[in-house]
Amino acid sequence: FTWEGSDYTWAPDSTWVAYTFVGDNRNSRVFLYNLATKQKVALTDGFFDCLNPAFDADGSTLYFLSYSNYEVRLDATQDNHVLPSPAQVMAVKLRSGEAKNSSSLSNSQAFQIETEGLAQRITQLPVKGANAFHLKAGKGLVGWSTVEGWDDSVNEEVYRARGQAKWTLHLYDPATKKETVLAEPISEWSFDPSGAHLLIKKGTDFYVG
């Protein structure tokens, strides 16, 4: 797997791209690349498996999933360890002046990434670890899907989606530090291009919020 990229996302300016690349230890690392300057920046060091980078629409933060929640349980039948909630949601402020206070870009500001000390600005969101997938960021919100446990049906939906309503949608507002969890499972979801609205699919039905 060490030759392939896993996923990628464009920054609001369409000049920077964040992507993951599998390392020699089989863990994915998050990188950033500037198409104009050819600058490549390693955000994570590969110690943990990191996936699903996503820029928020405000241009202040990059989010990603880190498989670093080692709350180990024992599988008594197999005499082996189980990680029931391996993924944590991480955030990194793209400019050091916004390390504590998130603010969107004004019309006069150009998108930029302050690469110096970028990795040191990574923080974990105050939400529980989970079997998390499909991380996406909008305008003032970040969201992800979770599922309880792991079986063949989950494998099918992760690697070859068939539209089953298996996922629990989580939305987090970094300004209020409030997490909202939808009560009913869904099949798919996404932000609209502005990042302000949601499109949710459950079975064959679609909802806008």
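The values are calculated or read from the model by the stated rules, or taken from the named source; none is laboratory data. What you see is a predicted model; the values in this text were computed from it and never measured. Every residue, glycine as well, gets a Cβ built from its backbone with ideal geometry; the counts of neighbours run over all protein chains shown. In case anyone asks, the SASA skips ligands and DNA or RNA and just uses the protein heavy atoms, side chains included. Shrake-Rupley method; radii C 1.70, N 1.55, O 1.52, S 1.80 Å.
Taking all Cα-Cα distances within the chain, those exceeding 32 Å account for 17%.
Taking a spot 7 Å from the Cα of Leu83 along the direction of its beta carbon, which residues of the stretch 28-44 have an amide N less than 11 Å from it? Flagged as within label range: 28.
For the stretch 156-209, the spread of Cα positions along the three principal axes, ordered from largest to smallest, is 35, 20, 20 Å. Using the rule -39500 (n - 2.57) for each DSSP H run of four or more residues, divided by the residues of the chain, the 222 nm mean residue ellipticity is -1000 deg cm²/dmol.
Protein heavy-atom accessible surface, 1.4 Å probe, per residue over the chain: 57 Å².
Full-extension gain between Asn34 and Ser14, please, as 0.36 nm times their residue separation minus the C-alpha to C-alpha distance.
So the extension gain works out to 6.3 nm.
The figure for Val208 is an accessible area of roughly 120 square angstrom, using a 1.4 Å probe on the protein chains alone.
When peptides 54-63, 194-203 are ranked by their average number of other Cβ atoms within 10 Å per residue, the highest-first order is 54-63, 194-203.
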